[in-house]
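Inspection log for the structure reproduced underneath, given as structure tokens.
The numbers here are math on the coordinates, done by the rules we state, and not lab data. Because the structure is a prediction, the values reported are computed rather than measured. Quick reminder, even Gly has a Cβ in these numbers, built from the backbone with ideal geometry, and neighbours come from all protein chains shown.
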Amino acid sequence: MHPMYLHDVEHGQPQGSYAAKIEGMRAAGATIPQIMHLFAYKPDRTDFLAKFTHGVMRGPSPIAPGLRELIAAFTSRRNDCPF
């Protein structure tokens, strides 16, 4: 994965609910999804976005959650963005 253009975001001390997840992934040598860095950089500003996304992907809808995931994965791939 290409590095972000926001060095402080990617290499800063993670905060909030994503901090432990990021630290665990770092300790395991795993690749950390860049969106997790963003959510952990300023959690007071990104918690709403995380809750909104969860609601869109898992909340009530005529479209099953699995199909929503498939649509998101397809869209991400078309945008050259790993999902």
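Listing for the model above:
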{"item": "Ranking of ARG68, ARG45 by count of other Cβ atoms within 10 Å, fewest first", "result": "ARG45, ARG68"}
{"item": "Cα centre as origin, Lys/Arg/Asp/Glu Cβ charges: the chain dipole, Debye", "result": "260 debye"}
{"item": "Between helix 65-78 and the chain: long-axis angle, C-alpha atoms, 0 to 90°, nearest 10", "result": "60 degrees"}
{"item": "Per-residue Cβ neighbour rank within 10 angstrom, fewest leading, ILE22, ILE71", "result": "ILE71, ILE22"}
{"item": "Shape parameters for the range 7-78, alpha-carbon atoms, Rg then Dmax in Å", "result": "14.1, 40"}
{"item": "The chain: angle of helix 19-28 to the longest principal axis, Cα-based, in degrees nearest 10", "result": "70 degrees"}
{"item": "Karplus-derived HN-Hα couplings along the range 41-51 (A = 6.51, B = -1.76, C = 1.60, θ = phi - 60°), whole Hz, x at Gly and Pro", "result": "6, 9, x, 5, 9, 10, 4, 4, 4, 5, 5"}
{"item": "Relative contact order (%) - criterion: Cα under 8 Å, at least six apart; region: the range 7-78", "result": "26 percent"}
{"item": "Estimated 222 nm signal from helices in the chain, with DSSP H stretches of n ≥ 4 weighted -39500 (n - 2.57), rounded to 500", "result": "-19000 deg cm²/dmol"}
{"item": "Most positive-pole-ward Cα, GLY59, ALA27, THR75, against dipole of the chain from beta carbon charges", "result": "GLY59"}
{"item": "Gap separating the Cα centres of the range 63-83 and the range 1-60, nearest whole Å", "result": "19 Å"}
